[in-house]
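**Student:** Input: one structure, supplied below.
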Amino acid sequence: MEDGGPSDTGVGRSPSNDSCAAATSLVGAQGSRADSIDGAHRDSGGCGTGPDVFYEIDVPHRAVLYVDTFGTAFETHIALREPGCSGLPLACAGAACGTTQSQLAALVEPGTVIIVVHGTPATGAEPLHLRWELARAASGLNTEVFGPGVHSGATTGTSAMSATCGGGAAAPEDAFYWTQCPGEARSVEASTCSYATTFDTVVHLGGSSVDVCADDDVSCLAGPLRSTVSTTTVGPGVFIIAVDGFRPEDQGSYELSLNW
């Protein structure tokens with residue numbers, strides 16, 4: 001989805017979002033846009049050394065916020081900041097996926113988040129390509145993972161996510177998320193098939209145009225109320241696996257095996 005075309009700032013003029021107070025609003029849970037940062041100044045330190053432009057996004061619920069600048073012709077750095085842009089950045093990223101562009105995913109709470117994109121001192125008239133996504137986060141733990149592994153935990157509390165199977169998955173959940181590079185495909189499998197899992201689980205995977213869900217795994221030797229989901233994920237983007245339960249009372253200890 002393209003939300004806004006390139007901005008023509010004109011020779012000697014700075015972009016309209018050249019300051020934190022004038023941040024451009026990003027509308028929707030996901031989108032992309034291309035803007036000129038020609039003539040921008042360096043207003044915000046902490047992540048990049050070049051000129052920067054500002055965006056703001058309203059976060060309606062706890063979420064994993066994903067931002068990238070792939071397709072931009074110049075080096076970039078991304079920072080997340082609180083409104084007003086005072087203090088240290090909440091998160092910083094640069095040089096992702098073997099490029100000079102940036103990719104960032106971070107857990108954010110409801111409210112307004114400022115996204116700052118830094119160029120380099122030599123940034124010219126080439127457009128900045130910005131893509132964003134808000135992926136709903138779990139009510140419990142939200143853990144970034146960087147490779148396959150086995151994760152143990154215990155769900156408790158109330159539900160924050162829903163699913164397309166398992167009666168909508170009305171229980172509290174924990175989640176695990178990761179990012180992928182442009183064009184990178186992974187065959188992902190996530191399973192709670194373990195004797196360490198003590199309740200009727202629902203496992204669902206979302207983010208970046210993926211929405212798959214699994215309930216009862218009848219082939220699981222530890223019991224058919226465990227769950228196994230498998231699909232192919234293709235970057236760029238963020239992907240989030242949730243360990244959920246069928247009913248509100250379906251919560252407790254689990255072991256999740258995540259492979260790709």
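Rule-based calculations on the coordinates, nothing more; no lab input. Source: prediction; values computed, not measured. Cβ sites come from the backbone with ideal geometry, for glycine too, and all protein chains shown count toward neighbours.
**Student:** Using +1 on the beta carbon of Lys and Arg, -1 on that of Asp and Glu, and nothing else charged, what's the dipole of the chain about the Cα centre, debye to 20?
**Tutor:** Working: 10 positive and 30 negative charges, 52 e Å.
Charge dipole of the chain: 240 debye, to the nearest 20.
**Student:** For the residues H77, H129, H41, H118, what sequence is obtained by ranking on other C-beta atoms within 10 Å, fewest first?
**Tutor:** H41, H129, H77, H118
**Student:** Something else: Express the relative contact order of the stretch 66-130 as a whole percentage, based on alpha carbon pairs under 8 Å and six or more residues apart in sequence.
**Tutor:** Answer for the stretch 66-130 is 45 percent.
**Student:** For E173, E82, what ranking results if the residue with the fewest other Cβ atoms within 10 Å of its Cβ goes first?
**Tutor:** Neighbour counts put them in this order, fewest first: E82, E173.
**Student:** Show me, for the stretch 95-112, the HN-Hα J-couplings you get by feeding each phi into the Karplus relation (A = 6.51, B = -1.76, C = 1.60, θ = phi - 60°), rounded to Hz, glycine and proline as x.
**Tutor:** 6, 9, 6, x, 10, 9, 8, 10, 8, 9, 9, 8, 6, 10, 9, x, x, 9
**Student:** Which of L128, L221, L80 comes first, and how do the rest follow, when ranked by fewest Cβ neighbours within 10 Å?
**Tutor:** Ordered by Cβ neighbours within 10 Å, fewest first: L221, L80, L128.
**Student:** Taking square-rooted eigenvalues a ≥ b ≥ c of the alpha carbon gyration tensor, is the stretch 142-259 rounded, prolate or oblate, where a/c under 1.5 means rounded and, failing that, a/b exceeding b/c means prolate?
**Tutor:** Here the stretch 142-259 falls in the prolate category.
**Student:** Can you tell which of T233, L107, A22 lies farthest toward the positive end of the dipole of the chain, using +1 and -1 charges on the Cβ of basic and acidic side chains (Lys, Arg; Asp, Glu)?
**Tutor:** The listed residue farthest towards the positive side: A22.
**Student:** Measure of size requested: the Rg and Dmax of the chain, with Cα atoms as the atom set and Å as the unit; please supply both.
**Tutor:** 20.1, 69
**Student:** Would you mind calculating the gained length between A125 and D211 on full extension (0.36 nm times residue separation, minus the Cα-Cα distance), in nm to one decimal?
**Tutor:** Stretched fully, the A125-D211 segment lengthens by 27.2 nm.
**Student:** Let me have the relative contact order for the chain, percent, based on Cα pairs under 8 Å that are six or more residues apart.
**Tutor:** Relative contact order for the chain comes out at 18 percent.
**Student:** Of S14, S227, S187, which is the most mobile in a GNM of the chain whose springs link Cα atoms less than 10 angstrom apart?
**Tutor:** In this elastic network of the chain, the residue with the biggest mean-square fluctuation among S14, S227, S187 is S187.
**Student:** Ok, one more. Percent antiparallel among DSSP beta bridges with both residues in the stretch 142-259, to the nearest 5?
**Tutor:** The antiparallel proportion sits near 90 percent.
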